[in-house]
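No value in this document is a laboratory result; all are computed from the given coordinates. In this text, all values refer to a predicted model and were calculated from it rather than measured experimentally. Please note: Cβ atoms are built from the backbone with ideal geometry, for glycine as well, and neighbour counts cover all protein chains shown.
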Amino acid sequence: MANCNVQFMRVDTRMVHGQIVTKWATVNKCKYVIIIDKALAADPFMSNFYKKAAQKGIKIDVSDPVKATKQWNEGKFGPSERNVMIVFKDATNAYNLWKEGFPVKEVDLGNQVASHGKKQISREVFLSEDEFLKLKEMSEGGVRVYLQVIPEDTPIEFDGIAKIFNS
């Protein structure tokens, strides 16, 4: 059995919101959004909340990195005609999916909220040292890591992110 077409992967603290379903899902022709988040997948109430929050025409599912990779490896990650967008709450979930062996080709950094110990990369993106190092490892491992808040923005590739982070 063939897997679905993963069209787009994005790290965004808000996970599912208007920008995801109106802009990114449309640009990438996706009617399915899969949130990969270990904590959310372990919380049936919140998982159900996100699934029901989908606007008409968009289906949302929730999984964790281990289960998602197992489904991918078994060819059970969704029908081959389905275009899917994967969303992560944070870089750690993207990293964990990649470390599990899921074929992560590229990850877009979207809104990442400010908190103690995080460095500002753009107006909307803040990264901790740990998140930066995980993204760096992914980049060095062949994953395209870039920052593009909205489709109309020019992407900032990982080298640019690293330059800002290390300044």
Tell me, Ile58, Ile86 in order of fewest to most beta-carbon neighbours within 10 Å? Ile58, Ile86
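Work out the length of the dipole vector of the chain about its Cα centre, built from +1 on the beta-carbon of each Lys and Arg and -1 on the beta-carbon of each Asp and Glu, and round it to the nearest 20 debye.
Result for the chain is approximately 560 debye, rounded to the nearest 20.
What does the extension gain come out to for Asn83 and Arg14, with contour length at 0.36 nm per residue minus their alpha carbon separation? Could the numbers behind the result be given before it?
Details: separation 69, 0.36 × 69 = 24.84 nm, distance 2.12 nm.
Length difference between fully extended and current span is 22.7 nm.
On full extension of the chain, what length is gained from Lys67 through Lys38, given 0.36 nm per residue of separation minus the C-alpha to C-alpha distance?
Going from the current span to full extension adds 9.5 nm.
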Enter the Cα centre distance for the pair region 44-97 and region 113-163, rounded to the nearest angstrom. 22 Å
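Looking at the chain, what % of its DSSP beta bridges pair antiparallel, to the nearest 5?
Details: 4 of 26 bridges.
Antiparallel bridges: around 15 percent, rounded to the nearest 5.
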Fewest-first sequence of Arg123, Arg14 by Cβ atoms within 10 Å of each Cβ: Arg123, Arg14
Which one, [x] 74, 37, 30; [y] 89, 36, 31; [z] 46, 30, 30, gives Cα extents along the principal axes in Å as derived from the coordinates shown? [z]
Under 19 Å Cα to Cα from Lys23, which aspartates and glutamates show up? Leave out anything in the same chain fewer than 8 places away. Asp12, Asp61, Glu106, Asp108, Glu124, Glu152, Asp153
In deg cm²/dmol and to the nearest 500, what is the mean residue ellipticity at 222 nm of the chain if only DSSP H runs of at least 4 residues count, each as -39500 (n - 2.57), divided by the residue total? -8500 deg cm²/dmol
Which lysines have a Cα lying under 24 Å from the Cα of Lys99, excluding residues fewer than 8 positions away in the same chain? Lys38, Lys67, Lys70, Lys76, Lys89, Lys118, Lys134, Lys136
Of Ile58, Asn166, Val84, which is farthest on the positive side of the dipole of the chain, counting Cα position, with +1 on Lys and Arg Cβ, -1 on Asp and Glu Cβ, and the Cα centre as origin? Ile58
Once you put a point 7 Å from the Cα of Glu140 and another 7 Å from the Cα of Lys76, both along the Cβ direction, what distance in nm separates them? 3.6 nm
